[in-house]
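Asks: Have a look at this one.
The values are calculated or read from the model by the stated rules, or taken from the named source; none is laboratory data. Just so it is clear, the model here is predicted, and its values are computed rather than measured. Please note: Cβ atoms are built from the backbone with ideal geometry, for glycine as well, and neighbour counts cover all protein chains shown. The accessibility values were calculated without ligands, DNA or RNA, using every heavy atom of the protein model including side chains. Shrake-Rupley method; radii C 1.70, N 1.55, O 1.52, S 1.80 Å.
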Amino acid sequence: KLLNKVEKKVVSQDVWYDSYTKRKTNKIVKDYVVFDTETTGLDPSKDNIIEISAIKFINNEKVATFSTLIDPKKEIDPFITQLTGIKQEDLNGQPTIDKVIPQFFSFIENFTLIAHNAPYDIKMLASECYRSKIELCENKVIDTITLAKKIISKENIQNYKLTTLKEYLGLSYSSHRALDDCETCSKVYQLYLS
């Protein structure tokens with residue numbers, strides 16, 4: 001019986017595999033939502049979202065934010081706490097993903113989504129939607145890694161990780177927390193727009 005419980009939490013690759021490619025767009029917009037997730041690990045099949053944040057922009061002006069921690073209903077790895085600063089006790093008693101997804105979808109409306117390493121965030125969201133029996137949103141998605149590579153020469157930067165771009169742009173936000181990563185990501189997108 002315990003094995004069955006574990007198996008139910010594993011999401012088949014076909015659920016999330018092309019979730020980003022179906023939604024990606026090159027159409028640059030001035031009304032958009034930048035979003036980011038923090039997770040229990042890197043595998044959409046078995047890992048969970050523990051924080052999701054978003055910033056809504058209209059005509060490139062910040063108009064609203066959304067941010068919440070999420071109880072994954074399992075112990076998080078000490079490495080994740082070390083990376084993000086999010087502790088198990090921070091998550092216990094927070095809303096569960098099935099409650100958060102509808103709120104998140106309500107916030108993003110039909111805006112284009114902007115994320116850094118967007119395929120990862122969308123795949124994680126697709127898996128969590130599947131587990132929660134909620135249909136994944138159809139919003140178009142732009143990946144700022146792709147944009148950063150177009151505007152910042154690789155001779156000028158070590159890599160295109162968000163933390164590296166944050167330093168390159170001289171930003172003072174923290175890293176590996178969803179709302180601060182949204183702030184950094186928005187600056188990368190706006191740099192591309194300029």
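Asks: Over the stretch 75-194, what percent of the accessible surface lies on carbon and sulfur atoms, probe 1.4 Å?
Replies: Carbon and sulfur: 48 percent of the exposed surface of the stretch 75-194.
Asks: Give me the number: length gained by fully extending S153 to L171, i.e. 0.36 nm times residue separation minus the C-alpha to C-alpha distance, one decimal in nm.
Replies: Contour length minus the Cα-Cα distance gives 4.6 nm.
Asks: If the only charges are +1 at each Lys and Arg Cβ and -1 at each Asp and Glu Cβ, what is the size of the charge dipole of the chain around the Cα centre, to the nearest 20 debye?
Replies: 400 debye
Asks: Please report the relative contact order for the stretch 34-137, taking Cα pairs under 8 Å with a sequence separation of at least 6, and give it as a percent rounded to a whole number.
Replies: Relative contact order here is 28 percent.
Asks: Can you show me the helix-derived [θ] at 222 nm for the chain, built from DSSP H runs with n ≥ 4 at -39,500 (n - 2.57) apiece and divided by the number of residues, rounded to the nearest 500.
Replies: One gets -12000 deg cm²/dmol as the mean residue ellipticity at 222 nm.
Asks: If you count only protein heavy atoms with a 1.4 Å probe, what accessible area per residue comes out for the chain, rounded to a whole Å²?
Replies: On a per-residue basis, the chain sits at 54 Å².
Asks: Oh, and also: Which of S127, L165, I50 sits closest to the plus end of the dipole of the chain, meaning its Cα is farthest towards the positive end, when Lys and Arg get +1 and Asp and Glu get -1 on the C-beta?
Replies: Value computed over the given set: S127.
Asks: Which of the three applies to the stretch 64-175, rounded, prolate or oblate, going by the alpha-carbon gyration tensor with a ≥ b ≥ c and a/c under 1.5 meaning rounded?
Replies: Verdict is oblate for the stretch 64-175.
Asks: T164 to V10: extension gain in nm, 0.36 nm per residue of separation minus the Cα-Cα distance?
Replies: Roughly 52.2 nm would be gained on extension.
Asks: Rounded to the nearest 20 Debye, what is the dipole magnitude of the stretch 132-177 about its Cα centre when Lys and Arg each give +1 and Asp and Glu each give -1 at the C-beta?
Replies: Rounded to the nearest 20 debye, it is 60 debye.
Asks: Just to verify a number: what accessible area does E155 come out at with the full protein assembly present, 1.4 Å probe, Å² rounded to tens?
Replies: 150 Å²
Asks: In addition: Give a residue-ordered list of calculated ³J(HN,Hα) values for the stretch 27-38 (Karplus: 6.51 cos²θ - 1.76 cosθ + 1.60, θ = phi - 60°; whole Hz; x for Gly, Pro).
Replies: Along the stretch 27-38, the couplings run 6, 6, 10, 9, 10, 6, 10, 8, 9, 8, 10, 10 Hz.
Asks: Another question about this same structure. For a quick check: with amide H placed at 1.01 Å from N, whose amide H comes under 5 Å from I76's, ignoring anything fewer than 5 positions away on the same chain?
Replies: So I76 has HN proximity to no qualifying residue.
Asks: Kindly identify the stretch 1-92 as rounded, prolate or oblate by the Cα gyration tensor criterion: order the square roots of the eigenvalues as a ≥ b ≥ c, call it rounded if a/c is under 1.5, otherwise compare a/b with b/c, prolate if a/b is larger, else oblate.
Replies: oblate
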